[in-house]
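Notes for the one structure printed next.
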Amino acid sequence: MDAEDTRRARIAANEAVYRTVNERIEDLNRALSQVAGDDSMTIICECGDLSCAEQITISIAAYENARSDPTLFIIVPGHEIPDVEDIVAHHDSFDVVCKHKGSGEIVARATDPRT
């Protein structure tokens, strides 16, 4: 693996850490929404910057839509890394990015907590 592939894999691994945290948050939100009747949740930005802790309010349906593909990540607008991912959806408070083919995509798929 060359330096660029290593960088792409590291960014994808960073994003996967937040995705795993958000999966646990979703579990808690689903349990609470049954009591409160709320269909939204607050997650942590899944960008490749491990120091980022920005929060995003998202509907559970939109969250589930992004989780349907392990190469998709939910980020704060402007947190995309254009040379490793493309924005595939814009929303009011968040964007959804898709990993480019190659090492980032491989890591995203391998670390998917739903597979």
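Derivation of every value follows stated rules applied to the coordinates shown; laboratory data play no part. Remember, predicted model here, so these are calculated numbers, not experimental data. Using ideal geometry, Cβ is built from the backbone for each residue, glycine included, and neighbour counts are taken over all protein chains shown.
Before moving on, here are some points about what is shown:
- For the stretch 3-110, the Kirkwood estimate of hydrodynamic radius, built from reciprocal distances between every pair of different alpha carbons, is 13.9 Å.
- Sequence-separation-based contact order of the stretch 3-110, relative, with Cα cut under 8 Å and 6+ spacing, percent: 28
- Inter-label distance for Asp112 and Asp49, nm, one decimal - labels placed 7 Å from Cα along Cα-to-Cβ: 2.8
- Relative packing of peptides 74-80, 22-28 - highest average C-beta neighbours within 10 Å first: 74-80, 22-28
- Dipole moment magnitude, nearest 20 debye, the chain about Cα centre, only Lys, Arg, Asp, Glu C-beta charged: 340
- Annotation: peptides 90-96, 2-8, 13-19, 67-73, ranked by per-residue average of other Cβ atoms within 10 Å with the highest first, follow the order 13-19, 67-73, 90-96, 2-8.
- Backbone N atoms of the stretch 73-107 closer than 19 Å to the 7 Å Cα→Cβ label point of Asp5 belong to residues 83-85, 99-107.
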